[in-house]
Structures are given as C-alpha cells and as structure tokens.
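These notes are about the structure you will find just below.
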Amino acid sequence: GDLAEEKAKDFLLNLGFFVVEQNFYSKFGELDIIAIKDDVLHFIEVKSGLDYESAIQNITPQKLSRLIKTGDVYMKKNSLNVDFVYDAVIVTPNKIDLVENITV
C-alpha cells in the first residue's frame, strides 16, 4: 500500500531516480511511480509482500497488460517521445529490490 510506495520512492531516489509523478490513473489502471533516470522514463509498479516470491507473483500478465496500456495513455497525454521501460520495486520486510524491464 502507501507505506510500500513511500519506501519504494525513497529507495529509487537513493538510486538516482527523479520521481515525476505518483499514482497516475487511466481507465485501464494505475501507475504507482513514474520516474526518470539517465534520460529514460520508468513506469514502476510497487508490490509488497512477506517475501519476494509472493510479491512478484502479483504481477500477472493481465496486470502487465493494464500497466502497458496506462503507460501508453501517459505518453500520449503528455506528448512524450522518449525511451521508456516498465520496472517493479518489490518491498519485503527485510529488503527492497528493483526488477528492471518486467515486460520482457
């Protein structure tokens, strides 16, 4: 929830990301965090759980499809023509992990 997103945001800032927006909604779904690093736009899904496996399993093919559609809406709405990628931040009680390029 919100606590995991705040932890994820702090984690990303420490890695050199610049957070552009949080909780962007479209009719398809929500993007938890939109950030930029090294001229690449990152659409970031935050998932939390008691362990890594239970958290990452919540990113289903259907969820991924909604993320991609919402990212497309964001790009069109803001007239952006930049490199972009979909990432996940997995927040567990003892660790935070960045999983890059979850659409491959």
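Report the local net charge at TYR52: Lys and Arg +1, Asp and Glu -1, summed over other residues whose C-beta lies under 12 Å from its C-beta. Present the calculation step by step, with values, prior to reporting the outcome.
On the way: positive: LYS47, LYS95; negative: ASP51, GLU53, ASP97.
Overall, the nearby charge balance is -1.
Let me check against my output: what whole-number percent is the relative contact order of the chain, with C-alpha pairs under 8 Å and at least 6 apart?
Computed value for the chain: 27 percent relative contact order.
Determine ³J(HN,Hα), in whole Hz, for all residues of segment 33-38 in sequence, where each value follows from phi through the Karplus function 6.51 cos²θ - 1.76 cosθ + 1.60 and θ = phi - 60°; x replaces Gly and Pro.
Karplus-based 3J(HN,Hα) across segment 33-38 equals 9, 10, 9, 10, 8, 6 Hz.
222 nm [θ] for the chain, helices only, -39500 (n - 2.57) per DSSP H run of 4+, per residue, to 500?
Result for the chain, helices only: -10500 deg cm²/dmol.
Taking a virtual spin label 7 Å from the Cα of LEU3 along the C-beta vector, which residues in segment 60-104 bring their backbone nitrogen under 11 Å of it?
Within reach of a label on LEU3, which here means backbone N under 11 Å from a point 7 Å along Cα→Cβ, segment 60-104 contributes 93.
Quick one: work out the % antiparallel among DSSP beta bridges in the chain, nearest 5.
Counting only bridges with both partners in the chain, antiparallel ones make up about 70 percent.
Could you work out how far helix 61-77 tilts from the main Cα principal axis of the chain, as a 0 to 90 degree angle to the nearest 10?
40
Could you tell me which of the pairs LYS37/LYS77; LYS7/LYS76; LYS9/LYS37; LYS69/LYS95; LYS7/LYS27 are separated by over 24 angstrom between their Cα atoms in the structure shown?
Among LYS37/LYS77; LYS7/LYS76; LYS9/LYS37; LYS69/LYS95; LYS7/LYS27, the Cα-Cα distance tops 24 Å for LYS7/LYS76; LYS69/LYS95; LYS7/LYS27.
In whole percent, how big is the carbon plus sulfur part of the accessible area of segment 1-85, probe 1.4 Å, protein atoms only?
Details: 2620 of 5110 Å².
Summing carbon and sulfur atoms, their accessible area is 51 percent of the total for segment 1-85.
How far, in nm, would the chain grow between PHE18 and ILE56 when pulled straight, counting 0.36 nm per residue and subtracting the alpha carbon separation?
Working: separation 38, 0.36 × 38 = 13.68 nm, distance 2.37 nm.
Difference between extended and current length: 11.3 nm.
Using the Karplus curve 6.51 cos²θ - 1.76 cosθ + 1.60 with θ = phi - 60°, what ³J(HN,Hα) values do you get for each residue of segment 12-25, in whole Hz, with x for Gly and Pro?
Ordered by residue, 3J(HN,Hα) equals 5, 4, 5, 8, x, 7, 10, 7, 8, 7, 10, 6, 7, 10 Hz.
Quick one: 3J(HN,Hα) in Hz for segment 82-93, Karplus 6.51/-1.76/1.60 with θ = phi - 60°, rounded, Gly and Pro as x.
Those phi angles translate into 10, 5, 8, 8, 9, 10, 10, 10, 9, 10, 10, x Hz.
Segment 1-36: which trypsin sites (Lys or Arg not before Pro) are DSSP loop and have at most 14 other beta-carbon atoms within 10 angstrom?
Counting only loop positions with at most 14 other Cβ atoms within 10 Å, the trypsin sites (Lys or Arg not before Pro) in segment 1-36 are LYS27.
Please compute the length gained on full extension between ASN94 and LYS69, using 0.36 nm multiplied by the number of residues separating them and subtracting their Cα-Cα distance.
Taking 0.36 nm per residue and subtracting the Cα distance, the gain is 5.8 nm.
The values are calculated or read from the model by the stated rules, or taken from the named source; none is laboratory data. Here the structure is a predicted model, which is why all the values come from computation and not from measurement. All Cβ positions, even for glycine, are placed from backbone atoms using ideal geometry, and neighbour counts span all protein chains on display. Only protein heavy atoms, including side chains, enter the accessible area calculation; ligands, DNA and RNA are left aside. Shrake-Rupley method; radii C 1.70, N 1.55, O 1.52, S 1.80 Å.
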